[in-house]
1. With the checklist (1) among the small types (G, A, S); (2) outside any helix (DSSP H, G or I); (3) surrounded by fewer than 17 Cβ atoms within 10 Å (Cβ to Cβ); (4) modelled with pLDDT of 95 or more in hand, flag the one item A6 doesn't pass.
2. Filter the stretch 89-105 for residues that are modelled with pLDDT of 95 or more and of a type in the set (A, V, I, L, M, F, W, C) and give the result.
3. Under the condition of being among the acidic types (D, E) and either assigned to a helix (DSSP H, G or I) or in contact (Cβ under 8 Å) with a residue 40 or more places away in the chain (or both), which residue from the stretch 51-105 is surrounded by the fewest Cβ atoms within 10 Å (Cβ to Cβ)?
4. Out of (1) in contact with a Pro (Cβ under 9 Å, 6 or more places away or on another chain); (2) in contact (Cβ under 8 Å) with a residue 60 or more places away in the chain; (3) buried (at least 22 other Cβ atoms within 10 Å of the Cβ), the odd one out for G126 is which?
5. Name the one entry in F62, F30, F50 that is among the aromatic types (F, W, Y) and farther than 21 Å from G126 by Cα.
6. So which residues in the stretch 63-86 are closer than 14 Å to K105 by Cα and of a type outside the set (K, R)?
7. Please work out which residue is surrounded by the fewest Cβ atoms within 10 Å (Cβ to Cβ), limiting yourself to the stretch 9-40 and to residues that are on the phi > 0 side of the Ramachandran plot and in a loop (DSSP other than H, G, I, E, B).
8. Return yes when I43 is part of a strand (DSSP E or B) and more than 17 Å from T9 (Cα to Cα) and no when it is not.
Amino acid sequence: MPDRAAPATKLLIIGGAEDRVGKAKILKRFVKLAGGKSARIVIIPTASSFQDEVVTAYTEVFTRHGAESCAVVNPRTRIESDDAALARVIDEATGVFMSGGNQLKLAQVFAGTAAGDAILRAHQRGAVVGGTSAGASIQSEFMISLG
């Protein structure tokens, strides 16, 4: 029998069009699951066509709800996603949040790379992994794209 129980894994899968301006209850819950005032959140806007706006909006809502810090990991290619430095940023996170957009792009950029593996490790060690729309779709074993 192991000495320690495996950490509880946490996923926060959001269908899309979540409230980021008002009470933002679901995103407030994400911050809480990521550690509240100790939350170190990585925002991944790679799927979005409006990456700057997405980063600004999520950084604002996560810090408004008490997150200690927000970092951005935004590789545009598989080569960039295979960078160990990006993986280290994810390895230090207590929460990983993927934006909406094109889930096929997320799969193409992250699957089988250092950063993609770091997201899986984050989940396995108990960090909350969340996402909206494409960022939610990418979290399943089977994903619908272009449909």
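1. So the condition that A6 fails would be (4).
2. Selection gives V89, I90, A93, V96, F97, M98.
3. Initial filter on the stretch 51-105 (among the acidic types (D, E)): 52-53, 60, 68, 80, 82-83, 91-92.
Those left that are additionally either assigned to a helix (DSSP H, G or I) or in contact (Cβ under 8 Å) with a residue 40 or more places away in the chain (or both): 52-53, 60, 80, 91-92.
Details: D52: 10, E53: 12, E60: 14, E80: 15, D91: 18, E92: 14.
That would be D52.
4. Here G126 meets the rest and fails (3).
5. Details: F62 fails: farther than 21 Å from G126 by Cα; F30 fails: farther than 21 Å from G126 by Cα.
The conditions single out F50.
6. So the first thing to find is which residues in the stretch 63-86 are closer than 14 Å to K105 by Cα, and the list is 74-81.
N74, P75, T77, I79, E80, S81, listed by residue number.
7. We begin by selecting, within the stretch 9-40, every residue on the phi > 0 side of the Ramachandran plot; these are 16-17, 24, 35-36.
Then keep just the ones that are in a loop (DSSP other than H, G, I, E, B); that gives 16-17, 24, 35.
Details: G16: 12, A17: 9, A24: 18, G35: 18.
My answer is A17.
8. Numbers: part of a strand (DSSP E or B): yes; more than 17 Å from T9 (Cα to Cα): yes.
When the stated conditions are applied, I43 passes them.
The values are calculated or read from the model by the stated rules, or taken from the named source; none is laboratory data. Note that the coordinates shown come from a computational prediction; the quantities given were computed from them, not determined experimentally. Here Cβ is always computed from backbone atoms with ideal geometry, including for glycine, and neighbour counts include all displayed protein chains.
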